[in-house]
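Okay, so here's the structure we're looking at.
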Amino acid sequence: MINGGRRLVGAVDISGAKNAALAIIPATVLAEGKCRIENIPDIRDVRLMMDIIRHLGASVKQVNRNTYEIDTTYIASETVPDAMARKMRASYYFIGALLGRAGKAEVAMPGGCNFGVRPIDQHIKGFEALGARVRTENAVIKATTRELLGGAVYFDLVSVGATINVMLAAVKAKGLTIIENAAKEPHIVDLANFLNLMGADVRGAGTDVIKIRGVDSMHGCDYSIIPDQIEAGTYMVAAAATGGDVLIRNVIPKHLDSISAKLVESGVQIEEFDDSVRVTANGRLLKCNIKTMPHPGFPTDMQPQFAAMLSIAEGTSIISEGIWDNRFRYVEQLLRMGASIQVEGKAAIIEGVPQLKGAPVRADDLRAGAAMVIAGLVASGTTTIEDIHLIERGYENILGKLTALGADISRIQDDDDTPARVIPMVSSL
Ligand code: UD1
């Protein structure tokens, strides 16, 4: 429940990147040893990942809130059970990682946010190029190989997931793998750095050609995950939308360039420091047009939050979705709050209104949920958001962080639909 209308003021520390952590945790399977990983975000998806890796036989020790030691010396299974795989998109990274480790993987078709059809043909094409045999039986993906051999992989489109999955499979394949038309997101680079510390030979991550020379064995290492670009962007937009003044700490400002550029276009001031950015907004925001694209383009995972902000900006903004077929379902919720938005195919036309009004809404998915939080923060009156477990998949301690910035936000019902009760604000949420 959010009582809106308060400016966000103060400083917020950004957690480690969800999408990097969700690739790096499965990657530990490739080592036979202990990895100590810091800056892992304390979010639901990470806990699910840890459950999977424990199930496979790894020993997992949580050293503190954001640091884990994962020992993969003994891996006893190559199967990720249905119930675990379906809860999360990134469970499919165990296909690449287990193929690399054991030459065999069985993982149920993954779940995740519903943005329309989410095919995995490019992942499969990549595994096959390395000599694996992949088939799908009863919605379970089964991949096997006697020996992975380096090969040439040309992706038909830029896919973060396929790039990561093929990198995981290729690091221990015999010979050279060349991935062309690779994704360039910061977490691809983070994964490559992690793999190289474990003894792999990965070059070119962050460009569209990645070259991987297979190695025979890999070992444990100590690593710290990069800050979450999307969590940072979400707080930047929340600060801007509420006319606030917030220092966003523990970020890599370069990763925020496309987000900062659009905020500046909307009349927001951004000051960059070494590892923080300050976001200040005064007066009414201005319209801007956005098209989502693979990195370094504007991230699709930031468009719902911008839509919430642009709902109250002056003028008409157009958001074009360039990655997913169906990523405007949340618009219906913003309409309930008085926004004026028309969706035409893969574009949303947003006519700024002076004010949103609090209403009961739901989180359709993770980032749609973040957009509802931003809308609730700027709206007059009270907004209640249902299905907040989807938000908690990807935002560490969002209630605590927003409360510290002056928001009036509280959890009024447990995730498992137990009867409503007010749970006091605690940092362990
Ligand atoms: C990842 C992110 C997600 C983000 C997305 C785009 C994780 C866990 N999730 O998702 O938050 O929204 O990147 O930045 O990191 N495609 C195919 N065939 C494939 C694979 C993808 O056609 O085999 C298409 C998809 O349908 C989509 C586009 O490629 O249209 C991009 O998908 P992809 O980059 O793979 O997204 P994910 O890795 O699933």
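When you look at V189, is it of a type in the set (V, I, T), at pLDDT 95 or above, at negative phi and in a helix (DSSP H, G or I), yes or no? Spelling it out, V189 is indeed of a type in the set (V, I, T), at pLDDT 95 or above, at negative phi and in a helix (DSSP H, G or I).
Of all residues in region 34-49, those that are away from the ligand (no atom under 16 Å from the Cβ) have Cβ atoms under 6 Å from Cβ atoms of residues that are assigned to a helix (DSSP H, G or I), 6 or more apart or on another chain, in C35/T28. In the set (1) closer than 28 Å to G214 by Cβ; (2) touching a strand residue (DSSP E or B) at 6+ places or on another chain (Cβ under 8 Å); (3) of a type in the set (A, V, I, L, M), M49 fails one condition alone, (2). Filter region 142-168 down to the residues that are within 13 Å of the ligand (Cβ to nearest atom), out of contact with any helix residue (DSSP H, G or I) (no Cβ under 6 Å at 6 or more places or on another chain) and of a type in the set (A, V, I, L, M) and list them by number. Residues satisfying the conditions are L157, V158, V160, M167. Of the residues in region 143-163, at least one is exposed (fewer than 15 other Cβ atoms within 10 Å of the Cβ) and aliphatic (A, V, I, L, M). Please work out which residue is farthest from the ligand (Cβ to nearest atom), limiting yourself to region 120-141 and to residues that are modelled with pLDDT of 95 or more and part of a loop (DSSP other than H, G, I, E, B). My answer is G131.
Taking the listed residues A173, A183, the one that is within 11 Å of the ligand (Cβ to nearest atom) and either surrounded by 22 or more Cβ atoms within 10 Å (Cβ to Cβ) or without any contact (Cβ under 8 Å) to a residue 40 or more places away in the chain (or both) is A183, with no other qualifying.
When K61 is tested against (1) modelled with pLDDT of 95 or more; (2) assigned to a loop (DSSP other than H, G, I, E, B); (3) more than 16 Å from the ligand (Cβ to nearest atom), just one condition goes unmet, and that condition is (2). Being among the β-branched types (V, I, T), within 23 Å of V12 (Cβ to Cβ), assigned to a helix (DSSP H, G or I) and without any contact (Cβ under 8 Å) to a residue 60 or more places away in the chain is true for just one of I391, I374. Which residue is that? Of I391, I374, the one residue that is among the β-branched types (V, I, T), within 23 Å of V12 (Cβ to Cβ), assigned to a helix (DSSP H, G or I) and without any contact (Cβ under 8 Å) to a residue 60 or more places away in the chain is I391.
The values are calculated or read from the model by the stated rules, or taken from the named source; none is laboratory data. Everything quoted here is computed from the prediction, not taken from an experiment. Ideal geometry is used to build each Cβ from the backbone, glycine not excepted, and the neighbour counts take in all protein chains shown.
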